[in-house]
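Novice: Sharing a structure below in structure tokens format, with a few things to ask.
Each reported figure results from applying straightforward, stated rules to the coordinates on display, with no laboratory input. Predicted, not measured: the structure shown is a model, and the values here were computed from it. All Cβ positions, even for glycine, are placed from backbone atoms using ideal geometry, and neighbour counts span all protein chains on display.
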């Protein structure tokens, strides 16, 4: 894996700004796709912006919570993504 | 010594496998770092000033840990190579096998696909932290009781995953095989199998793993 710098964003606006400001920067949430590709050096970001602790817009959280899932669809872990996709549809 | 006596003294293949699997269940954690024949892996550490190491503070199995890590260090490598907690296993290192499953703030994740620096302030529970002193966690006891393993390599991940899965089920999370969303389904074998589908067992001990989880479901929470 190529070396990179890391920062944690605490709001959506700060995350967007951080990625826009740095060339080669990427967002990281669950990491299950990005890290996988970084290990193979398919993806070689210079900077990662962690969006896990961003205060997320409530609307999407509400839609999944109403269906019995407390999980934010934006940070779903990939093996459970199918569950989230289903809850969002209903 | 007669042939029959010799046979009695020599451990059988089955005994060897049982011993190995039992150690996996208990999350045997005494790495012999002093052994010259088996030197420890050198933990990743950045020497590039443009890519500085990052301080991380987290609680692992109830003990606060403060580390300074290369940003590339995965949670799994931090546990195994920096803290010597080798119960969590590196199977595929690509999130496909589930052998590295640990609990982060009670939720199961593949620790090979998560960066350690992303877990600053989190509480991590590994297989080593599940038991209460000498008293096995109900899932650990059930895996022993039901013979839920052969080689035992996937077992720490299976048990951590089952612990997280039972909490998810209790909280009413649906799975792909749940007929009615929001119905809080019974934990049927089909539900257990689907919810545990991220944890692969090369020995194919699935029937016994399902039996162990079904058995422990009531008391594991």
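Novice: For each of A:28, B:213, count neighbouring Cβ atoms within 10 Å of the residue's Cβ, then give the residues from fewest to most. If you can, show how the numbers build up before the last one.
Specialist: Details: A:28 21, B:213 28.
Neighbour counts put them in this order, fewest first: A:28, B:213.
Novice: Sticking with this structure for a sec: Tell me, B:74, B:125 in order of fewest to most beta-carbon neighbours within 10 Å?
Specialist: B:125, B:74
Novice: When the gyration tensor of the range B:143-194 is built from Cα positions, what are the square roots of 5 times its three eigenvalues, in whole Å, from largest to smallest?
Specialist: Three semi-axes, in Å: 25, 11, 9.
Novice: What average count of beta carbons from other chains do you get within 10 Å of the Cβ of residues in A:25-38?
Specialist: Numbers: counts 0, 0, 0, 3, 1, 6, 9, 7, 2, 2, 11, 8, 1, 3.
Mean partner shielding for this stretch: 4.
Novice: Say each of residue B:179 and residue A:44 gets a label point 7 Å from the Cα, pointing the same way as Cα to Cβ; how far apart are those two points in nm?
Specialist: About 5.4 nm, to one decimal.
Novice: To the nearest 0.05, how large is the calculated FRET efficiency for residue A:13 and residue A:33 if R₀ is 25 Å and r is the Cβ-Cβ distance? Display every interim value, and only then the final one.
Specialist: Working: r = 24 Å, r/R0 = 0.96.
Efficiency, rounded to the nearest 0.05: 0.55.
Novice: Sticking with this structure for a sec: Would you tell me the mean number of C-beta atoms belonging to other protein chains that fall within 10 Å of each C-beta in B:91-101, as a whole number? Don't jump to the answer; show the numbers that get you there.
Specialist: Working: counts 0, 1, 3, 6, 10, 2, 0, 1, 0, 0, 0.
Shielding by partners across B:91-101 averages 2.
Novice: Same structure again: I need two numbers for the range B:128-168: Rg to one decimal and Dmax as a whole number, Cα atoms only, in Å.
Specialist: 10.1, 28
Novice: Would you mind calculating the gained length between residue B:48 and residue B:135 on full extension (0.36 nm times residue separation, minus the Cα-Cα distance), in nm to one decimal?
Specialist: On the way: separation 87, 0.36 × 87 = 31.32 nm, distance 4.60 nm.
Taking residue B:48 through residue B:135 to full extension adds about 26.7 nm, to one decimal.
Novice: Over the whole of B:107-114, what's the average partner chain Cβ count within 10 Å per residue? Rounded to a whole number, please. If you can, show how the numbers build up before the last one.
Specialist: On the way: counts 2, 3, 4, 8, 0, 4, 11, 7.
Mean partner-chain Cβ count within 10 Å for B:107-114: 5.
Novice: Obtain the nm distance between the two label points defined at residue B:190 and residue B:204 by a simple spin-label model: each point lies 7 Å from its Cα along the Cα-to-C-beta direction.
Specialist: Result for the modelled spin labels: 2.3 nm.
Novice: Sort B:101, B:42 so that the residue with the fewest other Cβ atoms within 10 Å of its own Cβ comes first and the one with the most comes last. It would help to have the intermediate numbers written out before the result.
Specialist: Values: B:101 30, B:42 7.
Ordered by Cβ neighbours within 10 Å, fewest first: B:42, B:101.
Novice: For the range B:63-221, just run the numbers: alpha carbon Rg, then divide by 2.2 N^0.38 Å, N being how many residues it has.
Specialist: Values: Rg = 15.5 Å, N = 159, 2.2 N^0.38 = 15.1 Å.
Scaled against compact globular proteins, the figure is 1.03.
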